[in-house]
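One structure below.
The values are calculated or read from the model by the stated rules, or taken from the named source; none is laboratory data. Please read all numbers here as calculations on a predicted model, not as lab measurements. With ideal geometry, Cβ positions are generated from the backbone for all residues, glycine too; neighbour counts draw on all protein chains shown.
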Amino acid sequence: MRILQQHLDFIEYEPIGKEISAAEEIPDKKKQRYEELVALFVSVEPGDDDEVVKKAVEGTKSFLEKLKVKRIIIYPYAHLSQNLARPKDALEVLKKMEALARESGLETYRAPFGWNKAFQIKVKGHPLAEQSRIYSSAAPGAAPPKAEVAPAHERKPQQEMTEDQLFARIKKSDFAGLPETDHRIIGERLDLFSFQETSPGMVYWHNKGLKLRNLLIEFMRGELAKGGYIEISTPALVSNALWKVSGHWDHYKQNLFLTDMGGEEFGLKPMNCPPTMLYYRTRRWSFRELPLRVSCFDHLYRNELSGVASGLFRVKAFSQDDAHIFVAEEQVEDEVKRMIDLLDRVFKTFGMEYKLNLSTMPDDHIGDREFWEKAEGILARVMEAKGIPYKVKDKDGAFYGPKIDVDIKDSMGREWQNSTIQLDYQLPQRFKLSYAGSDGKDHTPVVIHRAIFGSLERFIGVYTEHVQGKFPVWIAPVQVRVLPVSDENKAYAEKVAQALADGGIRVERDFASGTIGGKIRDAQLQKTPYMVVIGSKEEQAGSIAVRARDGDVRYGVKLEDFIAEVAEKTRTHS
């Protein structure tokens with residue numbers, strides 16, 4: 001049995017239709033909503049018996065005790081495993097799990113089995129909010145399946161996969177049944193990305209999607225350059241000794257991809273914090289060089305039970321617009337204000353509202369309460385000084401420090417937690433960081449961890465749904481598509497396309513055979529902001545016809561004027 005357990009602010013789902021013939025009957029198809037609970041997303045596998053059910057419920061109770069929660073929902077979720085039990089057996093196991101959880105004193109709900117359901121969740125931001133578990137009925141003394149990779153010397157050699165077996169697995173994920181507004185459907189139609197079975201929970205970025213991702217990074221780099229940030233990159237594979245010093249080994253080991261090199265255990269980095277601490281240690285810093293603002297856009301890897309069912313919202317490999325700011329104690333408040341100003345500029349640019357939350361010390365934390373109370377007080381004072389209302393999220397802080405969590409609202413009124421500003425007194429002490437103060441003595445800096453977009457993958461998923469694929473001109477992967485009316489107009493159309501490209505505009509050519517009406521429809525389906533139509537009249541006049549995505553058409557437009565227009569929209573982020 002595989003379980004992804006998430007501590008949620010809420011879950012809301014609506015049964016849409018039976019996904020399999022063995023789906024259970026339900027009294028109604030009304031939308032259901034539950035708040036302040038833990039969701040157990042469950043895949044039942046062959047051999048899952050009463051012992052497995054007992055282990056799963058006991059493990060759940062232990063998890064809930066740490067969170068001081070007593071309400072759960074059991075949510076059938078086939079996407080966590082490729083080795084599923086027969087539907088009839090799986091339903092029986094889920095019913096037993098539901099009954100045992102109730103007997104154990106948990107307020108228990110269960111989503112219907114075998115149904116295609118539209119659902120929405122909001123996961124809390126603290127370190128224990130998401131955990132993955134694997135339960136089996138292994139006999140005492142036998143080694144149960146491990147969520148993490150065993151060291152190389154403990155693993156059995158794998159049989160070589162045949163070519164036919166490999167090609168059988170190379171296929172795109174099936175998103176049938178998803179609503180038209182879902183980013184997975186939009187991304188597939190706009191040719192932004194795909195998911196392949198050979199890399200579960202990881203994104204294959206196509207040309208347009210990669211352009212969008214890179215445009216986000218370049219936009220953020222531009223903002224950071226104004227703020228005096230430097231950028232670094234650190235190795236993806238790091239000795240587990242680093243994670244033990246930082247404390248992540250005790251709090252995050254189950255989410256590390258582990259491997260063995262020369263008898264020493266290494267892990268792919270799930271976050272940039274510890275390696276950035278090592279960068280800071282490469283030289284001696286002076287108080288005159290603080291704040292030191294260090295950004296990083298490296299790939300990160302988290303070994304969680306995730307898959308295509310969540311699309312870009314939950315992946316195993318991703319990047320963040322990560323930054324760590326090293327400051328003196330007296331600089332903390334001003335620096336946090338700067339970060340709030342930055343996130344305000346960013347989300348206004350993207351046309352998204354946001355609200356702030358103060359997430360406080362969790363039960364599972366490091367460091368003395370004294371430092372936590374000081375840090376929580378600073379974050380609260382900054383938000384109050386800026387006149388920003390906020391909600392306290394009790395015990396939702398990171399294990400090393402409290403944080404400001406940011407919920408952004410999309411065009412459908414849904415809220416998403418992406419951004420975070422974390423105040424950390426613990427890791428600088430653990431890594432023995434220091435700077436030379438004005439008194440000539442060594443002092444320990446404070447570190448502020450922050451991400452504005454958060455996971456770029458997750459933000460792209462949210463933003464794609466926010467604009468429904470109609471990306472503003474400035475960040476659209478393709479800004480203009482050039483469409484010749486006939487083959488006779490191709491030569492002039494090519495000159496126009498090249499002039500657009502030379503002017504820094506992201507242009508796509510549709511010179512294939514077909515009617516101009518068909519080409520316009522294709523461009524509209526691709527949600528391209530502008531279509532430049534080239535016919536004999538335009539060629540003779542040395543002009544262009546411009547059709548906007550909303551259907552507005554302008555004839556006799558001078559090419560240089562249009563290039564300037566698009567360039568201005570790009571410059572002003574409109």
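Quick one: would you say Lys61 is in contact (Cβ under 8 Å) with a residue 24 or more places away in the chain, over 16 Å from Ala22 (Cβ atoms) and assigned to a helix (DSSP H, G or I)? I'd like the intermediate steps shown before the answer.
On the way: in contact (Cβ under 8 Å) with a residue 24 or more places away in the chain: yes; over 16 Å from Ala22 (Cβ atoms): yes; assigned to a helix (DSSP H, G or I): yes.
Spelling it out, Lys61 is indeed in contact (Cβ under 8 Å) with a residue 24 or more places away in the chain, over 16 Å from Ala22 (Cβ atoms) and assigned to a helix (DSSP H, G or I).
Any idea which of Ser319, Ser306, Ser295 is at pLDDT 90 or above, among the hydroxyl-bearing types (Ser, Thr, Tyr), surrounded by 20 or more Cβ atoms within 10 Å (Cβ to Cβ) and within 20 Å of the chain's Cα centre (by Cα)? Reasoning before the result, please.
On the way: Ser319 fails: surrounded by 20 or more Cβ atoms within 10 Å (Cβ to Cβ); Ser306 fails: at pLDDT 90 or above.
Only one candidate passes the filter, namely Ser295.
Out of the residues in segment 285-303 that are part of a strand (DSSP E or B) and not hydroxyl-bearing (Ser, Thr, Tyr), state the one that is nearest to Gly227 (Cα to Cα). Walk me through it before giving the result.
Taking segment 285-303 as the starting set, the residues that turn out to be part of a strand (DSSP E or B) are 285-286, 292-296, 299-301.
Within this subset, residues satisfying the condition of being not hydroxyl-bearing (Ser, Thr, Tyr) are 285, 292-294, 296, 299-300.
Working: Trp285: 19, Leu292: 11, Arg293: 8, Val294: 11, Cys296: 15, His299: 23, Leu300: 24 Å.
Ranking the candidates gives Arg293 first.
Starting from segment 409-437, keep only residues that are of a type in the set (D, E, K, R), then list their pairs with residues that are assigned to a helix (DSSP H, G or I) whose Cβ atoms are within a distance under 7 Å, requiring at least 6 positions of separation or different chains.
Asp410/Val462; Asp410/Glu465; Asp410/His466; Arg430/Val245; Arg430/Ser246
Among helices (runs of 4 or more DSSP H) lying entirely in segment 174-273, which contain 3 or more residues that are modelled with pLDDT of 85 or more?
Values: elements: 183-189, 207-226, 240-246, 248-252.
Qualifying helices (runs of 4 or more DSSP H): 183-189, 207-226, 240-246.
Does Ser438 meet the test of being over 15 Å from the mean Cα position of the chain (by Cα), modelled with pLDDT under 85, in a loop (DSSP other than H, G, I, E, B) and surrounded by fewer than 17 Cβ atoms within 10 Å (Cβ to Cβ)? Break it down stepwise before answering.
Details: over 15 Å from the mean Cα position of the chain (by Cα): yes; modelled with pLDDT under 85: no; in a loop (DSSP other than H, G, I, E, B): yes; surrounded by fewer than 17 Cβ atoms within 10 Å (Cβ to Cβ): yes.
The answer is no for Ser438.
When only residues in segment 266-284 that are touching a residue at least 60 places away in the same chain (Cβ under 8 Å) and surrounded by fewer than 17 Cβ atoms within 10 Å (Cβ to Cβ) count, which is farthest from Tyr435 (Cα to Cα)? I'd like the intermediate steps shown before the answer.
Going residue by residue through segment 266-284, those that are touching a residue at least 60 places away in the same chain (Cβ under 8 Å) are 273-274, 277-278, 280-281, 284.
After this cut, where a residue has to be surrounded by fewer than 17 Cβ atoms within 10 Å (Cβ to Cβ) as well, the list is 278, 281, 284.
Numbers: Leu278: 14, Arg281: 10, Arg284: 6 Å.
Result: Leu278.
Test Ser199 against the criterion of being in contact with a Lys or Arg (Cβ under 6 Å, 6 or more places away or on another chain), in the same structural domain as Phe257 (by TED's automatic domain parsing) and surrounded by fewer than 20 Cβ atoms within 10 Å (Cβ to Cβ), and give yes or no. Working first, answer last.
Working: in contact with a Lys or Arg (Cβ under 6 Å, 6 or more places away or on another chain): no; in the same structural domain as Phe257 (by TED's automatic domain parsing): yes; surrounded by fewer than 20 Cβ atoms within 10 Å (Cβ to Cβ): yes.
When the stated conditions are applied, Ser199 does not pass them.
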